[in-house]
């Protein structure tokens, strides 16, 4: 695999013209030179193997030499994550991208201590999209996760994303939470196949409230334990996606 990866528009007549930001990162930051091999990707599974033909810092040009289409993971996982404090959400977005999450939904919950409104929310979402792009370049993921607007938990539970998910899981510290393998085994036995879409709900510091767990269950979510230890929310999100990918063959 080439050391150089760029997010790029589709080629025109076999040539990709990079925008200034990607050109600067490729030529100035990564020090690519004319003749180097570069992998360009569109964030939707398409990659182009290219030769860097013009190494201008403000407008590099690539010549396409091969086209590749990558298949997504077997299960499209949505991570619905209650907003944590500080810069922890950056780490969650990065890890979720590296693990192939299809969508990330930032949530406001009863115990959320961070509240984003207006311009501040828009700036945070744009920052998380940049974090996801950087993670995709680093790990070779040709798919970028959709990162939605911040929304209240109640709105998400009533959303089309939730209604359309085949498997709905909520990471829970409350009594009665089930092991993940039990949930996936039951799904396979009832449907004859693994789920193609799933949602993980992960709470903030202090977990979801009992009322929120009840609301999630009413929306079809199954409380799942991630083990006997209390995990930080960023660790819980990473573990949740990892173990579900493993169980479903991703």
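Just so it is clear, none of the values below were taken in a lab; they were calculated from the coordinates. Because the structure is predicted, anything quoted here is derived from the model rather than measured.
What the table below lists for this structure:
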{"read-out": "Shape call, the range 13-122: gyration tensor on alpha carbons, a/c limit 1.5", "value": "prolate"}
{"read-out": "Tilt relative to the chain, helix 118-139 - C-alpha long axis, 0 to 90 degrees, to 10", "value": "70 degrees"}
{"read-out": "Relative contact order (%) - the chain, alpha-carbon pairs under 8 angstrom, separation at least six", "value": "19 percent"}
{"read-out": "Alpha-carbon centroid distance for the pair the range 144-202 / the range 81-126, whole angstrom", "value": "18 Å"}
{"read-out": "DSSP-defined antiparallel bridges as percent of all bridges, the chain, nearest 5", "value": "40 percent"}
{"read-out": "Among 12, 64, 93, residue whose mean-square fluctuation peaks in a GNM of the chain (springs only between Cα atoms under 10 Å)", "value": "12"}
{"read-out": "Whether the range 82-186 is rounded, prolate or oblate, judged on the alpha carbon gyration tensor where a/c under 1.5 counts as rounded", "value": "oblate"}
{"read-out": "Viscosity 1.567 mPa s, temperature 4 °C, Stokes-Einstein D of the range 5-69 from Kirkwood C-alpha radius, µm²/s", "value": "116 µm²/s"}
{"read-out": "Max mean-square fluctuation residue, GNM over the chain, Cα-Cα springs under 10 Å, options 65, 97, 112", "value": "65"}
{"read-out": "Mean Cα-pair separation over length for the range 1-138, i.e. relative contact order, pairs under 8 Å, 6 or more apart, %", "value": "20 percent"}
{"read-out": "DSSP beta bridge pairing in the range 1-107, given as percent antiparallel to the nearest 5", "value": "70 percent"}
{"read-out": "GNM result for the chain, Cα springs below 10 Å: residue of 16, 92, 147 fluctuating most strongly", "value": "16"}
{"read-out": "Acute angle (nearest 10 degrees) that the helix 233-247 long axis makes with the longest principal axis of the chain, alpha-carbon atoms", "value": "80 degrees"}
{"read-out": "Cα long-axis angle, helix 180-191 against the chain (0 to 90 degrees, to the nearest 10)", "value": "90 degrees"}
